[in-house]
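Have a look at the structure below, then the notes.
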Amino acid sequence: MNATTESLCGIEPAYKLHDLAWAGILQAAQKKQIPANTVLFRESEQCTHFMWLLEGSVRVFKHSPEGREITLYRVSPGDLCVLSLKSLIGGEGFPAVAKAETPLVGLMLNKSQFDRAVDECGEFRRYLLEVLAKRLGDVIQLVSDVTFNRLELRLCCLLGKLFEHSAGKPLQLTHAKLAHELGTTREMVSRILKELEHKQCIRLSRGEIHLLSKEHLNWQGHA
């Protein structure tokens, strides 16, 4: 199914690309709907298409030889997956795993359409550079956090962000899920959560984490 004019109008505010050549390329793009939990790329698979994400969220993560995971970044509407760009441009295998966290809607360009967009659309080239620069900063921050920050601090910061996103409502997620985000083990996360519960920052229940004191959680995160 080709992208309609309504689809183009719908994504224009998000991407702010007004180049006529880009609009023509999008008219030929294929609109895709992808179910939640679909694995988009496995490690070493080559990317052959470029996708503008219109709806949904993609988690990009790395496996360790011991079976642990760590989230590298997420792709939301308006973002780009830099590792898929690396694979697409360089003809290399995807160096991680990309999985749909929610149902996805996107516009798909094949390699020749993508190359044409890079060659003909100045706005698109600038947008690629802006997003690549931002994502590089995110990855450097991740490396810095993993290398220099204690696991307790990283977990407190993650919980703080999640509670902020949920407006303080209980978080429905498992200890294993938190471990996958941080690249550690479920046992380590459970131990730290118990300590935070003892300090009355949070309260644990089956499958949920309740916020008791935002101030105490933030203090623990900066201790």
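The values are calculated or read from the model by the stated rules, or taken from the named source; none is laboratory data. Here the structure is a predicted model, which means the values were calculated and not measured. Glycine also receives a Cβ, built like all others from the backbone with ideal geometry; neighbour counts cover every protein chain displayed. When the accessible area is computed, the model is the full protein with side chains, heavy atoms only, and any ligands, DNA or RNA have been set aside. Shrake-Rupley method; radii C 1.70, N 1.55, O 1.52, S 1.80 Å.
By the rule of a C-alpha distance below 22 Å, with chain neighbours fewer than 8 residues away ignored, the lysines paired with LYS194 are LYS161, LYS169, LYS177, LYS214. The simple Förster model, with R0 at 35 Å and r as the Cβ-Cβ distance, assigns MET108 and THR185 a FRET efficiency of 0.40. Counted residue by residue at 0.36 nm each, then reduced by the alpha carbon distance between them, the extension gain from THR48 to LEU153 reaches 33.9 nm.
Estimated purely from DSSP H runs of n ≥ 4, each contributing -39500 (n - 2.57), the mean residue ellipticity at 222 nm for the chain is -15500 deg cm²/dmol once divided by its residues. With a cut-off of at most 16 other beta carbons within 10 Å, and DSSP calling the residue loop, which trypsin sites (Lys or Arg not before Pro) in segment 29-84 qualify? Please list them. Filter output for segment 29-84: ARG42, ARG68. Electrostatic bookkeeping for HIS198 treats Lys and Arg as +1 and Asp and Glu as -1; over the other residues with beta carbon under 15 Å from its beta carbon, the sum is +1.
Of all accessible surface on the chain at a 1.4 Å probe, what whole percent is carbon and sulfur?
55 percent
Note on GLN33 and ARG68: with the Förster distance fixed at 35 Å, the Cβ-Cβ geometry gives a FRET efficiency of about 0.65.
Per residue, the chain exposes 56 Å² of accessible surface when a 1.4 Å probe is rolled over the protein heavy atoms with every protein chain present.
Each other residue within a Cβ distance under 13 Å of THR38 adds +1 if Lys or Arg and -1 if Asp or Glu, for a net charge of +3.
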